[in-house]
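Data block below; observations after.
The values are calculated or read from the model by the stated rules, or taken from the named source; none is laboratory data. Remember, it's a predicted structure, so these values are computed and weren't measured experimentally. Counting neighbours? That spans all protein chains shown, and the Cβs are built from the backbone with ideal geometry, glycine included. With ligands, DNA and RNA removed, areas are computed over all heavy atoms of the protein, side chains included. Shrake-Rupley method; radii C 1.70, N 1.55, O 1.52, S 1.80 Å.
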Amino acid sequence: MVQATAMAAPQPDPYARVVHRFATAGKLDAARMMLSWDAQTNMPAGGAYARGEQMAAITEVSADLIGSHAAGDELGEAEAMANALAPEERADLSEMRRVHAHAAAVPKELVAAKSRASQALQAVWRRAKPENDWAAFEPGFVELLGITREIAHAKAEALGTSPYAALIDEYDPGVGEALIDPIFAELAAFLPGVIAEVRERQAAWPAPIPFGATPIDKQAALSHQLALAIGHDPDHFRIDQAPHPFSVPHSPGDVRFTTRYDVENPKFAVAATLHEAGHAMYEFNLPRDFAFRPGGMARGMTAHESQSLSLEKMAGRSREFLGWLAPRMGAAFGGVGEARFSVANVLNTWRRLDDGYIRVEADELSYPLHVILRYRLEQALLGGDLEPAGVPAAWNELFAKMLGRTPPDLAHGPLQDIHWAMGMLGYFPNYAMGSMLAAQIFERATADDPDILPALGRGDFQPYFAWVKPRVHERASLTSFDALVRDATGASLSADAFKRHVKRRYLDEAAP
C-alpha cells in the first residue's frame, strides 16, 4: 500500500482573496446595521451599554479586515492583475481601495470609541428630545464631536481634503464641497423668492380640511398597502415604528424600514412610508452578484436619497398619484366619500407650503433650506468655529434668517434629528442634493416613458422602476457618481431640473 501524498489546496487568486476579505467585512456591517435597527425598534432602553459594546466589537473586527496592512497588501496584489479582470470587477476593486483608504486612516480604537459614544448618545437623545433637554444631550455630544473631529482630521490628511470633505466622501463619494457649495448658493438665492410667490398664490386657496385623528392601526394598514403598491414583496419586507424613520441597508432580500405614526397627522406616515420604501427598493434591486462588496453598494447617499425622494415627493405629490391615494385614505381611515378625503382636499393638503420647523415634514420648496442650515452648522462644528453649547442659539439665528421664523423649542430645533447623536456629520448635504437628483431623474424618466405619470394614477409604480432599475439601481457603485448621473439623465447634477419642477408644480399647474 502506497501512502498518498497530501496535495496543497489551490490558493484563490489575489482578486478572489480580496473579495472574500471585503465581502466578509460587508456582512459584518450588515449585522451591525441589524443591531442598530433593533436598538431603535425593539431594544429596551437599558440595553444601550451592551449594544454599544456589541457594535464596537463588530466595528473593530471590520476595521481590522479592511483597514489593515494585510488588506492593503492584498489590494496591491489584486491591482497588479487588474488587466485580467472584467470591467465590473475593476470597478469593484477601485471601490475597495477607496474604502480601505478611509479605514486605514483611522486607528480602530478611535472607530470603536465612536461606536460606543454614539450608541450611548442615541439613548440620551431619545429621552432629551421630548423633554427639550439640550443640557442632557450636550455632554455626550461634546465627547462624540471630539472623536468625530479626530477622525475627520485623520481622514483629511490621508485623502488630501478638508476634514468636512473627508466625512462627506465617506457617505457620498463624488459629491464634494466643490459640487455642493454652488448648488446650495443657487438654492439659497432662488428659493425665498419662489416661496413668497407660491404663498401669495396659495393665499387664495380654501383652507385644507383636516383629516382628523386617525388610529395607528389604520395608518399602519395603509402603510402596508402602499409598500405593496410600490412593489415590495410581502415575503421580503416588514415595517416597524421608530422615533426617526429609516431603512436598513446591506441586507439583500431582508427589507426592513420604519415609519412614525402621529394620530393627529396621518399625512406624515404616508410620506415617511413612501420615502423609506424608496430607499428599500433601491437596496432590494442592487446586483446580488456583488452583494456585501463595495462595488455592490448603493452609489452614495445622494443617489440613495434621490430614490426615496422620487417616491415621496416627485411621484408621491403628483396630481396623478394623489388622485389614486385620496379614496384609499378615505377607505382606510373610515371616511369614504367625505370632503376631507376628496382629491381636491388631499391635493390642497399635500401641496400646501408649511410654516413648520421639522425637516422631515417640510414642503418641497422649504426642504433644501432646512438642509443648507445643517450644512453650515456642521461646517462650523468641524472647523471649531462653533461648539455644542452654542448650537441652539446658532440654530435659531440661522433658521430665522433663512426661513423667517424661530423654532418654539429644542425638539423643533437641533434635537429633532438623530444624526448628530449617531455621529453622522457630513451626512446631511445628501438630502438636498438628493432632491436635485430626484428632480433630474424623474424629469428624464417621464420624458422617456410618458406612461409613468398615468400609471401612478392607477397606483402602479412599475413603469418608473422599469426605467430607473437598470439605469441607477443595478449599476450600484460599479461606476462613478457623475457617470451614473450623466448616463441616466444626459447631464451632470445641477439645480436646473429642480427649479423647473417647483415652478411647474407650484406656479403653473391648476389650483386644487
Taking residue 65, is it over 25 Å from the mean Cα position of the chain (by Cα) and open to solvent by 30 Å² or more (accessible area, probe 1.4 Å)? yes
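Residue-wise test of (1) more than 26 Å from residue 122 (Cβ to Cβ); (2) touching a His at 6+ places or on another chain (Cβ under 7 Å).
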| site | (1), (2) |
| --- | --- |
| 239 | no, yes |
| 266 | yes, no |
| 271 | no, no |
| 286 | yes, yes |
For residues that are in contact (Cβ under 8 Å) with a residue 40 or more places away in the chain, aliphatic (A, V, I, L, M) and open to solvent by 40 Å² or more (accessible area, probe 1.4 Å), tally how many sit in the stretch 183-215. 3
Looking at the stretch 244-264 only, could you name the residues that are closer than 27 Å to residue 294 by Cα and among the aromatic types (Phe, Trp, Tyr)? 246, 257
Just one of the numbered conditions (1) farther than 16 Å from residue 220 by Cα; (2) of a type outside the set (Asp, Glu); (3) open to solvent by less than 10 Å² (accessible area, probe 1.4 Å) is not true of residue 266; which one? (1)
Report whether or not residue 498 is touching a residue at least 60 places away in the same chain (Cβ under 8 Å) and out of contact with any Ser or Thr (no Cβ under 7 Å at 6 or more places or on another chain). no
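Is it the case, given these coordinates, that residue 401 is under 22 Å from residue 227 (Cβ atoms) and either out of contact with any helix residue (DSSP H, G or I) (no Cβ under 8 Å at 6 or more places or on another chain) or outside any helix (DSSP H, G or I) (or both)?
When the stated conditions are applied, residue 401 does not pass them.
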Here is a list of conditions, (1) open to solvent by 50 Å² or more (accessible area, probe 1.4 Å); (2) within 19 Å of residue 367 (Cβ to Cβ), and residue 160 meets all of them except one; can you say which number that is? (2)
Could you please find all residues in the stretch 438-484 being under 23 Å from residue 287 (Cα atoms) and among the small types (Gly, Ala, Ser)? 438, 445, 466, 476, 477, 480, 483
Candidates 207, 165, 189, 203, filtered to the one that is in contact with a Gly (Cβ under 6 Å, 6 or more places away or on another chain) and of a type in the set (Gly, Ala, Ser): 165
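Against the condition open to solvent by 20 Å² or more (accessible area, probe 1.4 Å) and modelled with pLDDT of 95 or more, how does residue 421 come out, does it pass?
no
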If you check 251, 308, 342, which single one turns out to be hydroxyl-bearing (Ser, Thr, Tyr) and open to solvent by less than 20 Å² (accessible area, probe 1.4 Å)? 308
Give me the pairs, please: first residue somewhere in the stretch 308-322 and at pLDDT 95 or above, second residue anywhere and buried (at least 24 other Cβ atoms within 10 Å of the Cβ) and of a type in the set (Val, Ile, Thr), beta-carbon distance under 6 Å, and either six or more positions apart or on two chains. 322/346
Consider only pairs whose beta carbons are under 6 Å apart and that are at least six residues apart or on different chains; among these, list those whose first residue lies in the stretch 394-409 and is over 21 Å from residue 199 (Cα atoms) and whose second residue is open to solvent by 40 Å² or more (accessible area, probe 1.4 Å). 396/406; 409/132
Checking residue 123 against (1) surrounded by fewer than 17 Cβ atoms within 10 Å (Cβ to Cβ); (2) more than 20 Å from residue 28 (Cα to Cα); (3) not hydroxyl-bearing (Ser, Thr, Tyr), the condition it does not meet: (1)
For residue 331, which of the numbered conditions (1) in contact with a helix residue (DSSP H, G or I) (Cβ under 6 Å, 6 or more places away or on another chain); (2) surrounded by fewer than 22 Cβ atoms within 10 Å (Cβ to Cβ); (3) of a type in the set (A, V, I, L, M) fails to hold? (1)
Is the stretch 275-288 home to any residue that is in contact with a Lys or Arg (Cβ under 7 Å, 6 or more places away or on another chain) and modelled with pLDDT of 95 or more? yes
Options 165, 204: the member that is among the aliphatic types (A, V, I, L, M) and under 23 Å from the mean Cα position of the chain (by Cα): 165
Hey, any hits in the stretch 368-378 for a residue that's modelled with pLDDT under 95 and open to solvent by less than 30 Å² (accessible area, probe 1.4 Å)? no
Residue that is farthest from residue 328 (Cα to Cα), among those in the stretch 217-241 that are out of contact with any strand residue (DSSP E or B) (no Cβ under 9 Å at 6 or more places or on another chain) and of a type in the set (Gly, Ala, Ser): 231
Can you give me the number of residues within the stretch 74-107 that are open to solvent by less than 40 Å² (accessible area, probe 1.4 Å) and among the basic types (Lys, Arg)? 0
Regarding residue 468, is this residue modelled with pLDDT of 95 or more and in contact with a Leu (Cβ under 9 Å, 6 or more places away or on another chain)? no
